[in-house]
Amino acid sequence: MRRREALFLAAAGPTIARSQQLAGEPPGRIPPAAEIINASEMEAIARRRLDSAAYTAIADTGADRAAFDRITLRPRLMVSATNLDLGANLFGQPLFAPILAGPAGGQNRFHPEGELAMARGASKAKAVLIVSERSSVPLEKIAAESPGFWYQVFPEAGTTRAKIDLAVKAGCKAVCLTAGAGGTLHWAAIEGMRKDLAVPLLLKGVMSPDDARAAADHGLQGIVVSSYRGVPVPGMASPIETLPAIAEAAGSRLAVLIDGGFRRGSDVLKAIALGARAVIVTRPALWGLAAYGAAGVQQVLELLQSELARDMAMCGKPNLAAIDRATVRLHRR
Amino acid sequence: MRNWTAGRRQAIRAMAGFVAGSPLFGWQQDPFRDHSRVPKLEELLTGLDFEPVAYAKLPRWAYDYTAYGEGSEFTLRRNRQAFDWVRLVPGAAGSGQEPQTATTILGTPAAFPILVSPTAAHMQLHPDGEPATYQGATAASQTPMIVSNVASVPFEKIAPAAKGPLWFQLYPRQDVESNRELLDRVQAAGARAVVVTVDQQASVYERALHDRNLEAASLRRLTGGTRGAPRNPYRVPEGRLWYEWKLFDQLRPMIKVPMVAKGILTPEDALLCLEHGVDAIYVSNHGGRSLDYGPSSLEVLPEIVDAVRGRVPVLFDSGVRRGSDVLKALALGASAVCLGRIPRWGLAAYGVPGVQKILEIVQTEFKQAMAATGRSTLASIDRSLVRTDFP
């Protein structure tokens, strides 16, 4: 090759192409997981990774977001937060932070390792994972990756208690019974599921103070305020809006958890201020799973933990017990 | 295909053309902006007109540094919305007198109840940095300027650049004694008040992280410095988590001039400020850069003013862009209003004349708003001037 030919080749070569500065996110680039800055960005990466059917199943509907925009935080200054502590305790189980990874069936739709990667990521982020009864991976394998896991079931005549007993045998620390989706829920049946159960039973899908009172009356240990009823109903109130009345009805009789549209640490802080003991995030964890497997799950959960910690510091609440109703202000619009 | 056996000169010409179009020279073009004409200073009519000019002239990361807010920028947006929730009620056409706008803020005389907020690193915006901002502010009826603790130029080097009043803003350091030397220096150099910023204990700018990920080493330098590596398990920057109320008691003897607490957003904290010897409350959410989903400064101003009950002046910033915004804040009880992004846009867009012009635009608008609402003195500006509809 002659010298001038070599120069021509060099000018157009990849070495020089690299010297071009990247301006914005080039289309289709998958950045390293550490560059993901918030949950919404994780969704964008998940979208690039998934086919449209899988993505549609976990796309952000934005359904419950508007309600969070009607709640502001009240920053309280000059309270030392050098001893910041997000630790919580649910039914005797210590939590690193009041953020749990929620249940979703068939996670092999989003990542080849499915629930295993989810369990590994949650575990790395020191977060409790709630495993769906419709898991694509056997419970024992998940238990090995995420020992403090919880279990979620749908009520079905006859079979539910057997499933719960298997989960307890595999080591689950609590069971969430999802109300509404598909089957009908009878309090008598719930009592049957609760009887002699070694772990706490929570009713998931509570959206009214009456249901909260009934849950307490029937001996449940906790509820999850959640609008998940199988099909989304336009115009229905968001869980975060119904939370204050439900938390009041529950009083100290029930541990109140919540899910529905949690995307930011500030959302979690609002829920704690309005009476929740902990928050369940599902879609963001699935975005992390789809985007980067276990590393993505870990990253997105840790981002939420950090955001919550920063917001607590700036509201002058260095621990969860310090968070009170005056931490937030509710707005009409 | 070219005939590569051509002569040397022809080959060089082809080579030059090829290289010019190669990615090697991609850096010369900033794909984030179109290449439109920069308007003349005289063509700009409102403060808002300066932002696109600043955008066109700045590198991406420097523009972002001025523009962004904390987290999802909810509070950044709310700061502007809040001014739409306050409407001015037109009064009687007035006496036809020229509105009287001169006032004294903590002993500092000012032609208008308007100051320049402390903002960081003006050399990002213009090679002349803070001295240029100061000259522009002084040219605009001696507008008092609050010099940031993280200015590109030391206070003593800014002070000789013009004649207008200067204040100093402090980011307190945990070893309280180590603040003394700096405070002595700036007071000796003529600072007429010290603003102690106490918000932003743990703020993160997501757009800055983006820019950092995309390579801007200059920004990494800017944000990497003072915060301190996290010792907590939540990866929260440690640098400012230690803030406590006793700080004001410790700083008080070091500050011979008025001491202002900046970042107050609740009546509770305003009252605590009074207990700790603060001479003025500065209501601010740091231009939406402190706590995401915190309130707009404007919506909490009335309740703070009510709590303070006139015992000390209340300064205000965050979201002010127009003279009418200044009037709204005064009507809700602010003694004076500070402008952060406005002079930054002026400086980035046109240097000294830009700062002067953009401040004069807001000052003129303020005067016009006073006249239009029939208020000819600052004392006559009160809550009857506005109708509020905060959500």
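Quick check on region B:139-177: of everything there that is of a type in the set (S, T, N, Q) and open to solvent by 60 Å² or more (accessible area, probe 1.4 Å), which residue is farthest from residue B:359 (Cα to Cα)?
By that ranking, first place goes to B:174.
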Among the candidates B:181, B:156, residue that is closer than 28 Å to residue A:77 by Cβ, at pLDDT 95 or above and part of a helix (DSSP H, G or I): B:181
Residue B:133 vs. criteria open to solvent by 10 Å² or more (accessible area, probe 1.4 Å) and of a type in the set (S, T, N, Q): no
Helices (runs of 4 or more DSSP H) wholly inside region A:189-284 that include at least 2 residues being in contact with a Ser or Thr (Cβ under 8 Å, 6 or more places away or on another chain): A:239-250, A:265-273
Region B:376-387, subset in contact with a strand residue (DSSP E or B) (Cβ under 7 Å, 6 or more places away or on another chain) and not charged (D, E, K, R), residue farthest from residue B:112 (Cα to Cα): B:386
Candidate set from region A:134-156 (those that are farther than 24 Å from residue A:189 by Cα and of a type in the set (Gly, Ala, Ser)); member that is most open to solvent (accessible area, probe 1.4 Å): A:144
Boolean, residue B:22 is over 30 Å from residue B:332 (Cβ atoms), at pLDDT below 80, surrounded by 12 or more Cβ atoms within 10 Å (Cβ to Cβ) and of a type outside the set (Val, Ile, Thr): yes
Top-ranked residue of region B:93-110 - restricted to ones that are of a type in the set (S, T, N, Q) and modelled with pLDDT of 95 or more, ranked as most open to solvent (accessible area, probe 1.4 Å): B:100
Any hit, region B:356-375, residues being surrounded by fewer than 22 Cβ atoms within 10 Å (Cβ to Cβ), touching a strand residue (DSSP E or B) at 6+ places or on another chain (Cβ under 7 Å) and within 14 Å of chain A (Cβ to nearest Cβ): no
Counted residues, region A:154-176 - those being out of contact with any Leu (no Cβ under 6 Å at 6 or more places or on another chain) and either more than 20 Å from residue A:285 (Cβ to Cβ) or modelled with pLDDT under 95 (or both): 15
Evaluation of residue B:337 against (1) under 25 Å from residue B:107 (Cα atoms); (2) in a helix (DSSP H, G or I) (one fails), failing number: (2)
Of residues in region B:187-202 being of a type in the set (Gly, Ala, Ser) and surrounded by fewer than 21 Cβ atoms within 10 Å (Cβ to Cβ), the one farthest from residue B:74 (Cα to Cα): B:188
Hits in region B:252-283 - residues which are more than 21 Å from residue A:80 (Cβ to Cβ), outside any helix (DSSP H, G or I), within 12 Å of another protein chain (Cβ to nearest Cβ) and not hydrophobic (A, V, I, L, M, F, W, C): B:282
Residues satisfying the stated conditions in region B:270-283, i.e. surrounded by fewer than 24 Cβ atoms within 10 Å (Cβ to Cβ) and either out of contact with any strand residue (DSSP E or B) (no Cβ under 6 Å at 6 or more places or on another chain) or under 15 Å from residue B:316 (Cβ atoms) (or both): B:271, B:272, B:274, B:275, B:276, B:277, B:280
Residue count for region B:338-391, restricted to those that are within 25 Å of residue B:134 (Cα to Cα) and basic (Lys, Arg): 4
Residue A:128 being out of contact with any Pro (no Cβ under 9 Å at 6 or more places or on another chain), closer than 19 Å to residue A:220 by Cα and not acidic (Asp, Glu): no
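Conditions (1) of a type in the set (S, T, N, Q); (2) within 20 Å of residue B:58 (Cα to Cα), marked per residue:
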position	(1), (2)
B:105	no, no
B:115	no, no
B:122	no, yes
B:127	no, yes
B:136	no, yes
B:141	yes, no
B:145	no, no
Within region B:95-125, considering residues that are in contact (Cβ under 8 Å) with a residue 40 or more places away in the chain and assigned to a helix (DSSP H, G or I), the one farthest from residue B:135 (Cα to Cα): B:124
Odd one out for residue B:71 among (1) part of a helix (DSSP H, G or I); (2) touching an Asp or Glu at 6+ places or on another chain (Cβ under 8 Å); (3) modelled with pLDDT under 95; (4) buried (at least 20 other Cβ atoms within 10 Å of the Cβ): (1)
One residue from A:256, A:279, A:300 being within 14 Å of another protein chain (Cβ to nearest Cβ) and open to solvent by less than 10 Å² (accessible area, probe 1.4 Å): A:300
Verdict on residue B:115 being under 29 Å from residue B:387 (Cβ atoms), surrounded by 15 or more Cβ atoms within 10 Å (Cβ to Cβ) and modelled with pLDDT of 95 or more: yes
Odd one out for residue B:322, checked against (1) touching an Asp or Glu at 6+ places or on another chain (Cβ under 8 Å); (2) open to solvent by 10 Å² or more (accessible area, probe 1.4 Å); (3) within 14 Å of chain A (Cβ to nearest Cβ): (3)
Output for region A:303-321, where each listed residue is surrounded by fewer than 24 Cβ atoms within 10 Å (Cβ to Cβ), over 15 Å from the mean Cα position of the chain (by Cα) and within 14 Å of chain B (Cβ to nearest Cβ): A:316, A:317, A:318, A:319, A:320
Tabulated pairs, region B:230-251, first more than 8 Å from chain A (Cβ to nearest Cβ), second among the hydroxyl-bearing types (Ser, Thr, Tyr) and open to solvent by 60 Å² or more (accessible area, probe 1.4 Å), C-beta under 8 angstrom, 6+ apart or interchain: B:239/B:226
Selection count where residues are open to solvent by 20 Å² or more (accessible area, probe 1.4 Å) and either within 11 Å of another protein chain (Cβ to nearest Cβ) or within 14 Å of residue A:314 (Cα to Cα) (or both), scope region A:71-105: 9
Any chance residue B:299 is free of Cβ contacts under 8 Å to residues at least 60 places away in the same chain and within 12 Å of another protein chain (Cβ to nearest Cβ): no
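The values are calculated or read from the model by the stated rules, or taken from the named source; none is laboratory data. What you are looking at is a predicted structure, and each value in this text was computed from that prediction instead of being measured. Ideal geometry is used to build each Cβ from the backbone, glycine not excepted, and the neighbour counts take in all protein chains shown. Accessible surface is based on the protein model in full, side chains and every heavy atom, while ligands, DNA and RNA are left aside. Shrake-Rupley method; radii C 1.70, N 1.55, O 1.52, S 1.80 Å.
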